[in-house]
Every structure is written in structure tokens, then in C-alpha cells.
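Peer 1: One structure, as C-alpha cells, below. Some questions next.
Just so it is clear, none of the values below were taken in a lab; they were calculated from the coordinates. Source: prediction; values computed, not measured. Virtual Cβ from ideal backbone geometry, glycine too; neighbours counted across all protein chains shown.
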Ligand code: CA
């Protein structure tokens with residue numbers, strides 16, 4: 001850790017104690033002013049975005065890796081992400097020093113014109129999908145989630161399939177429909193078949209669900225043919241963001257054998273707008289669950305490789321005034337960590353590229369109120385969730401809004417992820 005992690009650091013920008021974006025966070029996103037303008041790279045501080053392109057134009061990144069690259073003028077974070085860990089750390093340090101209380105008379109704090117231009121209220125901006133995502137892989141790394149699903153779908157067998165404890169199971173997802181938080185979700189149509197029906201039928205999905213997941217965004221990639229070792233895997237990670245992997249369970253149940261989900265998950269996957277770097281998460285590094293049996297050598301970490309990130313799911317129906325917490329979980333419940341996922345993904349020589357998204361799979365925990373999907377919360381649609389206004393849900397109705405939140409609790413500050421939200425619209 002370094003000076004940017006000091007829990008006593010405060011900014012000359014006012015930041016509430018419960019803000020997701022204190023000076024210790026320094027996330028990266030893409031924004032433009034409401035009503036139009038160029039897309040720029042920004043960080044977040046309190047209730048403001050800070051435009052890094054304007055800071056670069058003013059010479060505040062002179063003498064750093066940024067100088068002459070125009071990397072903050074790009075419409076996505078990909079160029080910044082491809083620069084690698086050393087560059088990200090240098091940029092983080094510059095931003096941290098500009099925003100500190102003691103820099104209130106510094107190059108940014110004391111430059112009123114620049115401040116007025118670069119520091120913009122979040123109410124006045126539109127965030128954009130921050131990353132041009134080339135490939136999207138979805139893991140299935142929560143033992144509790146896989147066990148719950150196994151118990152529901154294969155009640156007479158072992159809940160976990162024989163491979164599950166030996167490798168991080170995954171499938172290749174659909175990148176084109178990864179969308180920014182806040183984008184509406186149109187209820188999909190498809191082919192379904194009830195177990196007792198003689199033939200499949202076509203219609204609206206009646207079992208729409210969310211999945212609480214964390215996304216890993218790849219920074220610098222690896223070359224084709226070159227496996228990434230489990231202990232070097234974090235060097236390839238730019239940062240994390242919340243993911244909701246919307247799922248049409250009735251479509252999934254009928255289509256998924258033998259090759260896994262296809263249309264049940266290809267219509268929308270929501271991503272939160274700010275990428276939280278591994279640097280910001282470093283103070284919250286911790287160990288994950290004990291792995292038994294011991295994984296094969298190429299999957300064996302020698303250091304703590306996960307992070308203590310609180311996760312929450314909120315639901316708001318059309319009849320509710322505010323959203324209601326329906327489940328909470330933690331990133332460190334995951335059985336397989338991101339380093340193992342990357343080592344496994346690349347062990348064949350598969351090349352990860354800048355901007356690739358690796359989602360964790362639904363993150364459920366040990367308790368009934370730690371379940372990361374409606375499928376589990378309602379236990380295969382048998383136990384409706386009762387909401388404070390009297391509404392009940394087994395799966396999502398039109399007009400429902402699901403919001404995922406995540407944060408690490410520090411001493412007097414928290415590293416938050418911002419919201420990952422979406423509202424269900426009726427089918428087209
Ligand atoms: Ca998933």
C-alpha cells in the first residue's frame with residue numbers, strides 16, 4: 001500500500017462519510033455533460049465527476065505516462081486500461097495529490113477556472129458504458145449458488161457436479177448486449193416447455209430474474225499461446241464493477257442442455273459505470289473459503305486473492321416509493337477467486353484482451369438472506385418474497401427495478417461501486 005491508501009486522507013472537495021467516492025477510491029468512468037458534448041475519462045469524488053482530460057490539457061499530468069497520449073480524451077477506458085499497472089498507479093497518485101485537503105491551494109484547488117470546468121456535479125452528467133468490451137465470460141464460482149441450483153434442479157443427485165470443486169466452471173457470454181446501468185430491460189420472448197407439457201411453446205418469459213455478480217475488467221491482455229500464472233493474474237486486472245446478469249429462467253431450463261445458457265442470458269447484462277481499481281481495493285484484501293480438495297497446481301494461489309466487498313440487492317416495484325433491501329452477500333464468499341478464474345481461462349493459451357469482462361457468476365452466501373438470484377430467494381418459485389407495501393414476487397414483473405450496490409467499509413470512509421440498476425419493461 002502507499003500514501004493514496006491513508007485512511008486519514010480527506011479532500012478539499014466535500015465528501016460525505018457514506019459517499020461511495022472518497023479520495024481513497026479514485027474510480028474511472030466515461031461521461032459527457034447532459035445535453036451533449038465530448039466523451040471524456042473522469043474520476044469521481046463525492047457527488048462530482050472530475051474530468052481528467054481538462055486536467056491533462058492544463059498540464060497537470062506533464063511528466064507522467066499520460067503526457068502526449070491523449071488517453072483521457074478517448075470515448076472509452078480501453079487505452080488507459082492497456083497501459084498497465086505501473087501507469088495506473090502513477091495516475092492514481094497524481095489525482096490523489098491534486099485532491100487532498102492540503103492541496104486546496106494547489107494546481108487544481110486554487111485554479112478557479114479549471115475547477116469550474118473540470119469538477120461537475122453528477123446531476124449534470126450522463127455516464128456512458130465505460131469499456132469497449134470485446135469478450136464476455138461468465139463464471140459460476142459461488143459454491144452456495146451452485147449448490148442451491150443443484151438442489152433445485154437435480155433434487156435426487158449430488159448438488160455439485162463432479163467437476164465443480166476442481167475447476168472454475170464458465171461459459172462464453174454475449175458482449176454486444178452488455179449495457180450501462182440505468183438502461184431499461186425489455187422482457188424477452190422465447191421458447192419454453194413446462195415439464196409436463198407435451199411440446200414447447202413460444203411467448204414472453206414469465207420467469208425473469210437477476211443475478212448479483214462482480215465483473216473483472218481486463219487491463220493489459222496476454223498473448224495467444226501464453227498462459228497467465230495464478231500468482232501473476234492480478235497484474236492483468238484493471239478493476240471491478242457490479243454486474244447484473246439478467247436471466248430468463250424458463251427459457252434457460254428448456255434450452256441449456258447440453259451446451260449451457262444461450263438466449264436465456266444474451267438479451268441484457270448490466271454494468272455499473274465506475275471501474276473500481278484493484279489499487280483502491282487493496283486495503284480490503286482477504287482470504288476466501290478454504291478449498292477442499294486442494295486445487296491442481298496451476299490453480300493454487302500463494303497469497304490472499306479476494307476482497308471484502310459488501311454486496312446488496314434492492315427491489316422496487318411500480319407500487320413502491322423507495323427500493324427495499326431483499327438480499328445481501330459478499331464478494332469474498334466466492335469459492336474461486338479472480339486469479340484462479342484468469343489462470344484457468346488462459347491455461348489453454350487463450351488470449352484475454354484489454355476490455356474483456358469476466359463476471360463472477362451469481363454470488364450467494366451461506367444464509368437464506370444471502371442469495372444472489374430470485375430463483376434462490378423464492379426457492380424455485382415456491383416461496384414469494386413479501387415486500388413492505390404488500391407486493392409479493394417470485395420472479396420479476398414489468399415495472400420492477402433491481403439495483404445492486406457494493407462497498408468496502410474502511411475506517412471513516414468507504415470504497416463504493418455506485419449503483420447497477422435496471423427496470424423491466426413489457427415485451428415488444
Ligand atoms: Ca451468470
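Peer 1: If we keep just the residues of region 281-309 that are touching a strand residue (DSSP E or B) at 6+ places or on another chain (Cβ under 7 Å) and outside any loop (DSSP other than H, G, I, E, B), which is nearest to residue 21 (Cα to Cα)?
Peer 2: 281
Rundown of residues vs (1) under 18 Å from residue 395 (Cα atoms); (2) within 16 Å of the ligand (Cβ to nearest atom); (3) in contact (Cβ under 8 Å) with a residue 40 or more places away in the chain; (4) crowded, with 16+ Cβ neighbours inside 10 Å, yes/no style:
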{"site": "145", "(1), (2), (3), (4)": "yes, yes, yes, yes"}
{"site": "150", "(1), (2), (3), (4)": "no, yes, no, yes"}
{"site": "155", "(1), (2), (3), (4)": "no, no, no, no"}
{"site": "160", "(1), (2), (3), (4)": "no, no, no, yes"}
{"site": "181", "(1), (2), (3), (4)": "no, no, yes, yes"}
{"site": "185", "(1), (2), (3), (4)": "yes, yes, yes, yes"}
{"site": "195", "(1), (2), (3), (4)": "no, no, no, no"}
{"site": "200", "(1), (2), (3), (4)": "no, no, yes, no"}
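Peer 1: Those residues that are part of a strand (DSSP E or B) and within 23 Å of residue 361 (Cβ to Cβ), I need them from region 375-398; list them, please.
Peer 2: The answer is 385, 393.
Peer 1: So which residues in region 213-225 are under 10 Å from residue 352 (Cα atoms) and assigned to a loop (DSSP other than H, G, I, E, B), if there are any at all?
Peer 2: Result: 219, 220, 221, 222, 223, 224.
Peer 1: Spot the failing condition for residue 174; the list is (1) in contact (Cβ under 8 Å) with a residue 12 or more places away in the chain; (2) more than 16 Å from the ligand (Cβ to nearest atom); (3) within 23 Å of residue 30 (Cα to Cα), and only one is missed.
Peer 2: Going through (1) in contact (Cβ under 8 Å) with a residue 12 or more places away in the chain; (2) more than 16 Å from the ligand (Cβ to nearest atom); (3) within 23 Å of residue 30 (Cα to Cα) one by one, residue 174 breaks only (2).
Peer 1: Turning to a different aspect of this structure: Can you give me the number of residues within region 133-142 that are buried (at least 20 other Cβ atoms within 10 Å of the Cβ) and either more than 11 Å from the ligand (Cβ to nearest atom) or over 28 Å from residue 353 (Cα atoms) (or both)?
Peer 2: Adding up the residues that qualify gives 1.
Peer 1: Tell me which residues, restricted to region 235-266, are near the ligand (Cβ under 10 Å from one of its atoms) and within 30 Å of residue 303 (Cα to Cα).
Peer 2: Within region 235-266, 243, 244, 245 qualify.
Peer 1: Quick test for you: out of 51, 38, 47, 57, pick the one residue that is farther than 29 Å from residue 411 by Cβ and under 24 Å from the mean Cα position of the chain (by Cα).
Peer 2: Selected residue: 51, the only one of 51, 38, 47, 57 that is farther than 29 Å from residue 411 by Cβ and under 24 Å from the mean Cα position of the chain (by Cα).
Peer 1: For region 399-428, what are the residues that are surrounded by fewer than 16 Cβ atoms within 10 Å (Cβ to Cβ) and either touching a strand residue (DSSP E or B) at 6+ places or on another chain (Cβ under 9 Å) or assigned to a strand (DSSP E or B) (or both)?
Peer 2: Correct list: 399, 409, 425, 426, 427, 428.
Peer 1: Scan region 372-401 for residues that are within 14 Å of the ligand (Cβ to nearest atom) and either closer than 30 Å to residue 132 by Cβ or in contact with a helix residue (DSSP H, G or I) (Cβ under 7 Å, 6 or more places away or on another chain) (or both) and jot them down.
Peer 2: 372, 373, 375, 376 - these are the residues of region 372-401 that are within 14 Å of the ligand (Cβ to nearest atom) and either closer than 30 Å to residue 132 by Cβ or in contact with a helix residue (DSSP H, G or I) (Cβ under 7 Å, 6 or more places away or on another chain) (or both).
Peer 1: Scan region 345-353 and tell me whether some residue there is farther than 30 Å from residue 392 by Cβ, more than 16 Å from the ligand (Cβ to nearest atom) and crowded, with 21+ Cβ neighbours inside 10 Å.
Peer 2: yes
Peer 1: Keeping to region 206-226, report how many residues are away from the ligand (no atom under 16 Å from the Cβ) and either touching a strand residue (DSSP E or B) at 6+ places or on another chain (Cβ under 9 Å) or within 21 Å of residue 270 (Cβ to Cβ) (or both).
Peer 2: 5
Peer 1: Of all residues being in contact with a strand residue (DSSP E or B) (Cβ under 7 Å, 6 or more places away or on another chain) and in a loop (DSSP other than H, G, I, E, B) in region 1-18, which is nearest to residue 104 (Cα to Cα)? Just the residue, please.
Peer 2: Looking at the filtered set, the residue picked out is 13.
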